[in-house]
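*Asks:* Got a structure for you, questions after.
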Amino acid sequence: MSAKRRIVVAVSLALLLGAGCAELPTSGPVEQIEMVLKPPSVDIAPEPPSEDMTPEQLIDGFLLAMADPESDYAVARQYLTAQAEAQWQPTSGAVIYDGELAGDVPALEGDLIGRLDAQGRYHPEAGSLKHDFDIRRVDGQWRIDEPPSGLLLSRFVFERYYSRMTTYFISREGTHVVPDLTYQPESLVTPQRVVETQVLGPPAELVPAVTNALGSGVELGSEGATINSEGVVVVDLIGLPGDLTEEERRRVGAQLLWSLTAVARTTGLKITSDGRPFDLPGQRADGVLELSAQQGYQVLNRATAPDLYAVADGSLGVVTSNRRLEPLYEDLPSVAELAVSLDATLAALVQDDRQTLLLGTPKGRFTPIDHAYRNLRRPQFVQGELWVLADTVDGDTVVLVVNAQGDTSSMRIDLPDGHRLVSIAAAQNGARAAVITEAEGGTQLGMMTVSVGERRSVSRWRALKPVNAAGVSLTGIRDVDWQGETTLALVASTGGPVSVFLTQYDGSAVEDLVPPIERIVELTALPMRGGGAVAVRALDDGAVWRYETRSRWMLVVDSAEVIAYAG
């Protein structure tokens, strides 16, 4: 008889979830930190196979045991034949799925959601999954002869026990940190794991935009990285150059300390290099660099205007709590798009002719910017500059860059053949850009890198196809904006009505915000650490709805022609 049942992970077991999804040590001089990020009663403690297990019980036990990396997945290996155990490589990566055991000879069937590579970086992937474990008798007991190449993680296990770990590298300008996401088992989000990711360096696609302040050839020393009761992380490094300039040392401290905020208790940093104290500019007399002294390196910790701006009836204003527009500047010419700088000191207007660009302040006069481009669209402020998509007289699309003084330059955009640029939204750190293109008869979402050099460019297209928890890809993507340091807001669909979604820049953690309208003509989001508000404008009547975590969707303006959050 065919057996089909949902794979359920019991929630009364002991949490020791290990991922094996990164080729990083899972042992060493680490002081384990108790992090109450999830209810402490929900734990996982896999057990070795018991005598006379049925094939279904054996596979269930193996799927649970893959959650525990202790001693190189010692428990999980006991479910395998000797040949399979010798060949299995659990640290090579992971498949994230939503599935069931099905069939008289049990096989895992279901939907793919995504994958983790060996470093724990997430890659969304929709599709079907089927895995036959090839159950065989060994000394009278059932054992698995065909394990997956890496790990199989159910959606429940991944969402419940893996942490999104944000570490940082230094922008090539040296002025701020740029985030890098990996997923790690919650129990392994420790100072040791954080510093190991730093030693490995940034992913290849981010290299044109960042540097590793640690340099190459640096390793963790025998003392590793530990945290004391006061939240100070002590990092022992080998090979850190002793002739670094003061500014280079400052960047080492900023990169490491901001990365160590992945461990919630971190308050400060102390470094030893080759067994000797390593001085960090700004450290206390006891050699501790405090996190409170490093806030300037975090772009979204700087002054951010929280207001929603709108243009209606020739007036630029701020949306008030009583669904009104408080005018800041009146008698505007016809406006197609609006941008406001992160600190609200500058504003830019693109007129309906898509050629006139005005730069000024929200409360002051606007000055036309002299340029030779056409079809201006998608204005935004990034790192104190105004970026606007524009077409040359030859039909090429570039990013027109305008500084605060009104001087112009341009950045080229290197897209794959067959792609036509529709929209671009740059992160406030200036390193990544979310891009919508038209290709193969539809729209596609991609991530690109803003390269820094003598001539800046937007390059290294990487297709991004977010997949929701049901294994369905987002399609028909119409608009995109940054809602947080690593979070995107999208107007898209999963085959039904158009909706607004949040997703990480790697395509993970897709969330449907379910707006009260379907005909959305404009989206804007407030980039804040932890995620800011999202607003949409209706096509039919111009009504503006705002989404906030506490209040959900609220009608905030009865009618507007253009809306924009800072950024």
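The values are calculated or read from the model by the stated rules, or taken from the named source; none is laboratory data. Predicted model only: the values in this text are computed from it and were never measured. With ideal geometry, Cβ positions are generated from the backbone for all residues, glycine too; neighbour counts draw on all protein chains shown. Protein only, heavy atoms only, side chains kept; ligands, DNA and RNA dropped before computing areas. Shrake-Rupley method; radii C 1.70, N 1.55, O 1.52, S 1.80 Å.
*Asks:* Identify the single condition in (1) modelled with pLDDT of 95 or more; (2) within 27 Å of residue 258 (Cα to Cα); (3) not acidic (Asp, Glu) that residue 549 does not satisfy, given that it satisfies every other one.
*Replies:* The single condition residue 549 does not satisfy is (1).
*Asks:* Looking only at the stretch 463-515, which residues are of a type in the set (A, V, I, L, M) and over 15 Å from the mean Cα position of the chain (by Cα)? Show your work before the answer.
*Replies:* Of the stretch 463-515, the ones of a type in the set (A, V, I, L, M) are 463-464, 467, 469-470, 472, 474, 477, 480, 488-492, 498, 500, 502, 509-510, 513-514.
Those that are of a type in the set (A, V, I, L, M) and over 15 Å from the mean Cα position of the chain (by Cα): 469, 470, 472, 474, 477, 491, 492, 498, 500, 513, 514.
*Asks:* Tell me which residues, restricted to the stretch 280-291, are assigned to a loop (DSSP other than H, G, I, E, B) and open to solvent by 40 Å² or more (accessible area, probe 1.4 Å).
*Replies:* Going residue by residue through the stretch 280-291, those that are assigned to a loop (DSSP other than H, G, I, E, B) are 280-288.
282, 283, 284, 285, 286, listed by residue number.
*Asks:* Here are some residues: 94, 86. Which one is at pLDDT 95 or above, under 23 Å from residue 49 (Cα atoms) and under 20 Å from the mean Cα position of the chain (by Cα)? Don't jump to the end; show me each part of the working.
*Replies:* On the way: 86 fails: under 20 Å from the mean Cα position of the chain (by Cα).
On inspection, the qualifying residue turns out to be 94.
*Asks:* Any residue in the stretch 207-232 that's under 17 Å from residue 197 (Cβ atoms) and in a loop (DSSP other than H, G, I, E, B): show its pairings with residues that are open to solvent by less than 20 Å² (accessible area, probe 1.4 Å) and not polar (S, T, N, Q) at Cβ separation under 6 Å, as long as the two are six or more apart or on different chains.
*Replies:* Filtered contacts from the stretch 207-232: 212/169; 212/201; 213/170; 213/252; 218/237; 218/240.
*Asks:* Taking the residues in the stretch 238-279 that are among the polar types (S, T, N, Q) and in a helix (DSSP H, G or I) as candidates, determine which candidate is surrounded by the fewest Cβ atoms within 10 Å (Cβ to Cβ). Spell out the reasoning first.
*Replies:* The initial filter retains those residues of the stretch 238-279 that are among the polar types (S, T, N, Q), namely 245, 255, 259, 261, 266-267, 272-273.
Right, trim to in a helix (DSSP H, G or I) and you get 255, 259, 261.
Numbers: 255: 24, 259: 25, 261: 17.
If we take residues in the stretch 238-279 being among the polar types (S, T, N, Q) and in a helix (DSSP H, G or I), then 261 is surrounded by the fewest Cβ atoms within 10 Å (Cβ to Cβ).
*Asks:* Residues of the stretch 261-320 being of a type in the set (Ser, Thr, Tyr), within 30 Å of residue 181 (Cα to Cα) and out of contact with any Phe, Trp or Tyr (no Cβ under 8 Å at 6 or more places or on another chain), which ones? If you could, list the steps in order and put the result at the bottom.
*Replies:* Here is the first cut: in the stretch 261-320, the residues of a type in the set (Ser, Thr, Tyr) are 261, 266-267, 272-273, 292, 297, 304, 309, 315, 320.
Right, trim to within 30 Å of residue 181 (Cα to Cα) and you get 261, 266-267, 272-273, 292, 297, 304.
Those that are of a type in the set (Ser, Thr, Tyr), within 30 Å of residue 181 (Cα to Cα) and out of contact with any Phe, Trp or Tyr (no Cβ under 8 Å at 6 or more places or on another chain): 261, 266, 267, 273, 292, 304.
*Asks:* With the requirement that a residue be open to solvent by less than 10 Å² (accessible area, probe 1.4 Å) and either without any contact (Cβ under 8 Å) to a residue 24 or more places away in the chain or acidic (Asp, Glu) (or both), what does the stretch 160-199 give you?
*Replies:* 180, the sole residue that qualifies.
*Asks:* Residue check: is residue 463 out of contact with any helix residue (DSSP H, G or I) (no Cβ under 6 Å at 6 or more places or on another chain) and under 24 Å from residue 305 (Cβ atoms)? Spell out how you get there, then give the answer.
*Replies:* On the way: out of contact with any helix residue (DSSP H, G or I) (no Cβ under 6 Å at 6 or more places or on another chain): yes; under 24 Å from residue 305 (Cβ atoms): no.
Here the answer is no, as residue 463 does not meet what is asked.
*Asks:* Please tell me if residue 315 is among the small types (Gly, Ala, Ser) and in contact (Cβ under 8 Å) with a residue 12 or more places away in the chain. Steps first, answer last, please.
*Replies:* Details: among the small types (Gly, Ala, Ser): yes; in contact (Cβ under 8 Å) with a residue 12 or more places away in the chain: yes.
Criteria met by residue 315.
*Asks:* Just checking, which of 104, 111, 72 is of a type in the set (D, E, K, R), open to solvent by 50 Å² or more (accessible area, probe 1.4 Å) and under 17 Å from residue 149 (Cβ atoms)?
*Replies:* Values: 104 fails: under 17 Å from residue 149 (Cβ atoms); 111 fails: under 17 Å from residue 149 (Cβ atoms).
None of the other options fit; the residue is 72.
*Asks:* Considering each residue of the stretch 120-159, count those that are within 27 Å of residue 202 (Cα to Cα), open to solvent by 40 Å² or more (accessible area, probe 1.4 Å) and in contact with a helix residue (DSSP H, G or I) (Cβ under 7 Å, 6 or more places away or on another chain), and give that number.
*Replies:* 1
*Asks:* Do you know which of the residues in the stretch 422-481 that are of a type in the set (Val, Ile, Thr) and outside any strand (DSSP E or B) is farthest from residue 155 (Cα to Cα)?
*Replies:* Kept after step one, since they are of a type in the set (Val, Ile, Thr), are these residues of the stretch 422-481: 422, 424, 435-437, 443, 449-450, 452, 458, 467, 472, 475, 477, 480.
Checking the rest, the ones that are also outside any strand (DSSP E or B) come to 452, 472.
Numbers: 452: 38, 472: 14 Å.
The extreme case among them is 452.
*Asks:* If the requirement is being more than 22 Å from residue 488 (Cβ to Cβ), over 24 Å from the mean Cα position of the chain (by Cα) and open to solvent by less than 40 Å² (accessible area, probe 1.4 Å), which of these qualifies: 391, 417, 396? Step through it out loud before you land on a result.
*Replies:* Details: 417 fails: open to solvent by less than 40 Å² (accessible area, probe 1.4 Å); 396 fails: open to solvent by less than 40 Å² (accessible area, probe 1.4 Å).
391 is the lone residue from the list that is more than 22 Å from residue 488 (Cβ to Cβ), over 24 Å from the mean Cα position of the chain (by Cα) and open to solvent by less than 40 Å² (accessible area, probe 1.4 Å).
*Asks:* Can I ask one more? Just to check your reading of the model, which residue among 272, 266, 211, 226 is more than 21 Å from residue 184 (Cβ to Cβ) and over 20 Å from the mean Cα position of the chain (by Cα)?
*Replies:* 272
Residue-wise test of (1) in contact (Cβ under 8 Å) with a residue 40 or more places away in the chain; (2) open to solvent by less than 20 Å² (accessible area, probe 1.4 Å).
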site	(1), (2)
48	no, no
60	yes, no
84	yes, yes
89	yes, no
116	yes, yes
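*Asks:* Would you please name the residue that is nearest to the chain's Cα centre (by Cα), looking only at residues in the stretch 297-314 that are of a type outside the set (Asp, Glu) and surrounded by fewer than 18 Cβ atoms within 10 Å (Cβ to Cβ)?
*Replies:* Looking only at the stretch 297-314, we keep the residues that are of a type outside the set (Asp, Glu), and these are 297-306, 308-312, 314.
Adding the requirement that they be surrounded by fewer than 18 Cβ atoms within 10 Å (Cβ to Cβ) leaves 301-303, 306, 314.
Details: 301: 17, 302: 20, 303: 22, 306: 22, 314: 38 Å.
The extreme case among them is 301.
*Asks:* Can you name the residue in the stretch 365-388 that is of a type in the set (Lys, Arg) and modelled with pLDDT of 95 or more and is also farthest from residue 428 (Cα to Cα) among such residues?
*Replies:* Pass one, the stretch 365-388, residues of a type in the set (Lys, Arg): 365, 374, 377-378.
Pick out the ones that are also modelled with pLDDT of 95 or more and you get 374, 377-378.
Working: 374: 25, 377: 18, 378: 15 Å.
By that ranking, first place goes to 374.
*Asks:* Now a separate question. In the stretch 65-182, which strands (runs of 3 or more DSSP E) lie fully inside it and hold 1 or more residues that are hydrophobic (A, V, I, L, M, F, W, C) and more than 30 Å from residue 485 (Cβ to Cβ)?
*Replies:* 94-102, 107-116, 122-132, 135-138, 141-144, 151-154
*Asks:* With the structure loaded, tell me whether residue 160 is of a type in the set (Lys, Arg) and either at pLDDT 95 or above or touching a strand residue (DSSP E or B) at 6+ places or on another chain (Cβ under 6 Å) (or both) or whether it fails that test.
*Replies:* No: the conditions fail for residue 160.
*Asks:* For the stretch 364-388: of the residues being of a type in the set (A, V, I, L, M, F, W, C) and surrounded by 21 or more Cβ atoms within 10 Å (Cβ to Cβ), which is farthest from the chain's Cα centre (by Cα)? Before you say what the answer is, go through the steps one by one.
*Replies:* In the first step, residues of the stretch 364-388 are kept if they are of a type in the set (A, V, I, L, M, F, W, C); the result is 366, 369, 372, 376, 381-382, 386-388.
Okay, now just the ones that are also surrounded by 21 or more Cβ atoms within 10 Å (Cβ to Cβ), so 376, 381-382, 386-388.
On the way: 376: 29, 381: 20, 382: 18, 386: 24, 387: 22, 388: 24 Å.
Filtering first and then ranking leaves 376.
*Asks:* Ok, one more. Can you name the residue in the stretch 364-419 that is of a type in the set (Ser, Thr, Tyr) and outside any loop (DSSP other than H, G, I, E, B) and is also farthest from residue 446 (Cα to Cα) among such residues? Steps first, please.
*Replies:* At the first step, the residues of the stretch 364-419 found to be of a type in the set (Ser, Thr, Tyr) are 367, 373, 392, 397, 408-410.
Narrowing further to those that are outside any loop (DSSP other than H, G, I, E, B): 367, 397, 408-410.
Numbers: 367: 34, 397: 16, 408: 26, 409: 24, 410: 21 Å.
Among them, the one singled out is 367.
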